[in-house]
Amino acid sequence: MYAIIETGGSQEKVIEGQVIKIDKLNLTPDEEITFDKVKFFTDGENIEVGQPNLDSVKVSGKVLKQIAGPKIKIHKFIMRKHSATRMGHRQKYSLVRITNITKN
């Protein structure tokens, strides 16, 4: 049994017990979250596809911790102007364990 959920502008295929890395949520560790935007659900025999979402399926999870991704270095150089700019970015993520997929 698995479902496809939408969170943070991207879609994730989730199974119960799986740990996923998604864009940062403003939640503390050990806090529960419910994903309402379920796009697809199957239990092995039956398949349900949302138009655009399934209202009868809910996916719940538990936030494990907040992490930061690798540092990305950006270097811009403008020729003949003797100009250079250096920047960096480090994306923040949340680790979430999927605890339950329920169908009403």
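The values are calculated or read from the model by the stated rules, or taken from the named source; none is laboratory data. Keep in mind it's a predicted model, so treat the numbers as computed, not measured. A quick note on method: Cβ atoms are made from the backbone with ideal geometry, for glycine too, and the neighbour counts reach across all protein chains shown.
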### Task
Filter the range 6-18 for residues that are exposed (fewer than 12 other Cβ atoms within 10 Å of the Cβ) and among the hydrophobic types (A, V, I, L, M, F, W, C) and give the result.
Ile15
### Query
Which one is farthest from Lys21 (Cα to Cα) among residues in the range 82-104 that are modelled with pLDDT of 95 or more and assigned to a loop (DSSP other than H, G, I, E, B)?
Arg90
### Query
Taking Lys58, is it in a strand (DSSP E or B), touching a Phe, Trp or Tyr at 6+ places or on another chain (Cβ under 8 Å) and in contact (Cβ under 8 Å) with a residue 12 or more places away in the chain?
yes
## Note on the structure
Selection over the range 62-78 where residues are in contact with a strand residue (DSSP E or B) (Cβ under 6 Å, 6 or more places away or on another chain), assigned to a strand (DSSP E or B), without any contact (Cβ under 8 Å) to a residue 40 or more places away in the chain and not aromatic (Phe, Trp, Tyr) yields a count of 9
### Query
surrounded by 13 or more Cβ atoms within 10 Å (Cβ to Cβ) and more than 15 Å from the chain's Cα centre (by Cα), is that true of Val38?
no
### Query
Which of (1) surrounded by 12 or more Cβ atoms within 10 Å (Cβ to Cβ); (2) part of a loop (DSSP other than H, G, I, E, B) does Asp30 not meet, given it meets every other one?
(1)
### Message
Whether any residue in the range 40-58 is under 17 Å from Thr99 (Cα atoms) and touching a Pro at 6+ places or on another chain (Cβ under 9 Å) is what I want to check.
### Response
no
### Task
Only residues in the range 17-29 that are over 14 Å from Ile4 (Cα atoms) and touching a residue at least 60 places away in the same chain (Cβ under 8 Å) count as the first member; pair them with residues that are small (Gly, Ala, Ser) and outside any loop (DSSP other than H, G, I, E, B), Cβ under 7 angstrom, at least 6 apart or cross-chain, and list the lot.
Lys24/Ser94; Leu25/Ser94
